[in-house]
Amino acid sequence: MSDARTPADIEADIASRRQDLAVVLDEIAVRVHPKTIVGDAKAQAAATVDRTAGRVYVAANRQVENVRARFVDEDGAPRMDRIVPAALVAVAVVGGLVALSTRGDDGRGRRRR
């Protein structure tokens, strides 16, 4: 048995390696193309926004459930012992704001004419 390669074998090996190298170079060219880089950056930014929005949604939903649990019992019935005081506080705050906005001065301590 002879391990000697013929010139045809060497040329075939060179052609095969040349083809493999051309494929690798094409892949590199696609990766470093500005449109590819911009597209990848956009995709990464969109994924980050989606993750952040998902986290915000979960946090907001958790807070809504916490508030709901304070004003509704396990059966879904409203807890009047908590709703009435909260409503009274809200009415008092709104009434105070209305009273302040209708005072007799223009907000700088001078009387309106």
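Looking for something among the basic types (Lys, Arg), surrounded by fewer than 10 Cβ atoms within 10 Å (Cβ to Cβ) and either touching a residue at least 24 places away in the same chain (Cβ under 8 Å) or assigned to a helix (DSSP H, G or I) (or both) - is there at least one such residue anywhere in the stretch 29-37? Quick ask: steps written out before the conclusion?
Our first condition is that a residue be among the basic types (Lys, Arg); within the stretch 29-37, this holds for 31, 35.
Subset that is surrounded by fewer than 10 Cβ atoms within 10 Å (Cβ to Cβ): 35.
Among the residues that remain, those that are also either touching a residue at least 24 places away in the same chain (Cβ under 8 Å) or assigned to a helix (DSSP H, G or I) (or both) are: 35.
Checked the stretch 29-37: at least one residue is among the basic types (Lys, Arg), surrounded by fewer than 10 Cβ atoms within 10 Å (Cβ to Cβ) and either touching a residue at least 24 places away in the same chain (Cβ under 8 Å) or assigned to a helix (DSSP H, G or I) (or both).
What tally of residues in the stretch 70-113 results from selecting those that are at pLDDT below 90, of a type in the set (A, V, I, L, M) and either touching an Asp or Glu at 6+ places or on another chain (Cβ under 9 Å) or surrounded by 10 or more Cβ atoms within 10 Å (Cβ to Cβ) (or both)?
Number of matching residues: 0.
Could you say which residue among 76, 54, 96 is of a type outside the set (D, E, K, R) and outside any helix (DSSP H, G or I)?
76
The values are calculated or read from the model by the stated rules, or taken from the named source; none is laboratory data. In this text the structure is predicted, and so the values were computed from the model without any measurement. A quick note on method: Cβ atoms are made from the backbone with ideal geometry, for glycine too, and the neighbour counts reach across all protein chains shown.
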